[in-house]
Amino acid sequence: MQRSLADSRVKFRHLQCFLAVAQFGSVQRAADSLSITQPAVSKTVAELEAILGVKLFERGRHGAVPTREGQLFMPHASACVGALRQGVDLLSRTEGAATLTLEVGVLPTVAAALMPPVLKRIAALWPRVIVRLATGANPELLERLKAGSIELAIGRLADPERMVGLSFEQLFSEPLIAVVRAGHPLTMAPAPGAGSPSATLEDFPVVLPPFGTLIRQSAESLLSAWGVAPLSAFVEVLSVSTGRALALENEAVWFVPLGAVEYELQHGMLVRLPLPGPFAGNGTGEPVGLIRRSDTQPSPVGRAFIDAVREVARERMAAMAATSSSAASATRRASRRQRRPARDT
């Protein structure tokens with residue numbers, strides 16, 4: 001009887017405020033995201049704690065951190081909110097109903113190559129849909145997914161503790177490359193690794209992915225293979241637009257996933273630097289995948305989005321395999337020409 005009474009007193013606003021605070025780790029930021037006041041959020045969370053008879057957050061200098069009870073309650077609260085959204089989406093499919101909404105998280109380094117063809121397919125199947133794309137670092141996307149503010153994410157596999165309650169379906173492997181502007185001095189000098197690569201690279205700014213990311217580890221592997229000593233100065237940035245500007249305007253050497261700069265490479269704005277021996281060809285492959293909550297099912301438009309992502313990913317894998325094969329063939333032909341003895345004249 002007591003539990004039934006508590007169930008009936010929990011309202012949507014309680015779950016909404018609880019999930020927002022859990023997602024942002026701050027009552028103020030949660031209030032901003034919900035467009036209500038901070039006292040209103042604090043009061044609503046306090047009401048929920050009183051109804052449930054447990055403390056859901058530890059509040060301190062580092063913000064609001066879910067307690068053990070809060071962590072246990074989070075997936076169920078998210079499932080309730082997600083189920084309600086799915087129900088609304090189903091009803092929205094009736095004639096004359098409101099436009100559908102799909103909220104998706106995607107890495108900024110993946111969005112440019114993947115989203116245009118995916119969204120073209122979605123527009124053809126679901127002409128009345130609003131797609132909200134949230135871009136951010138992988139940990140941020142995972143937290144938003146767990147909190148239920150996005151339905152699915154396209155990102156990278158994280159440490160096991162971060163993947164609790166989530167599933168990862170690999171879509172393709174994204175090469176990490178080094179690029180510079182067309183006409184950059186490095187493109188006219190001996191390839192890094194032939195001579196004194198550390199002195200060559202240290203003459204220019206270096207732009208790296210943020211510390212702690214998988215692609216940062218790959219960038220450091222490339223630098224090590226080039227024989228570059230630990231850098232004393234560099235720029236860390238995840239923003240594709242900022243990295244592009246630094247490469248084009250500041251002579252920077254930019255370590256970036258291939259998909260983020262395909263347009264610039266195709267149009268000759270940026271060029272790839274030759275990679276050192278172990279990575280010659282397509283660089284380091286970093287898996288990109290579809291990440292979903294294990295305890296929820298996608299909405300109808302979400303399923304269509306997933307199908308479109310899988311289809312585009314298959315096409316992308318096939319295109320990259322063809323490019324890699326062509327490049328390998330060209331390398332073998334060049335090697336044979338170099339070994340061929342010169343004819344007497």
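None of the figures in this text is laboratory data; all of them are computed from the coordinates on show. Note that the structure is predicted; figures quoted are calculated from it, not measured. When we count neighbours, we look across all protein chains shown, and the Cβ atoms used for this are built from the backbone with ideal geometry, even at glycine.
At what distance in angstrom do the alpha carbon centres of the stretch 221-280 and the stretch 20-36 lie from each other? Centre-to-centre distance over Cα atoms comes out at 36 Å. I need the shape label for the stretch 1-70. Rule: rounded when a/c is under 1.5, else prolate if a/b > b/c, else oblate, with a, b, c from the alpha carbon gyration tensor. Cα axes put the stretch 1-70 in the oblate bin.
Listed values for the stretch 18-34 are Karplus-derived 3J(HN,Hα) couplings in whole Hz (6.51 cos²θ - 1.76 cosθ + 1.60, θ = phi - 60°), namely 4, 5, 5, 5, 5, 5, 8, x, 7, 5, 5, 5, 5, 4, 4, 5, 8, and x replaces Gly and Pro. Between Ala46 and Ala79, the modelled labels are 3.1 nm apart [label points 7 Å from Cα along Cα→Cβ]. A Förster distance of 25 Å, applied to the separation of the beta-carbon atoms of Arg68 and Met163, puts the FRET efficiency at 0.85.
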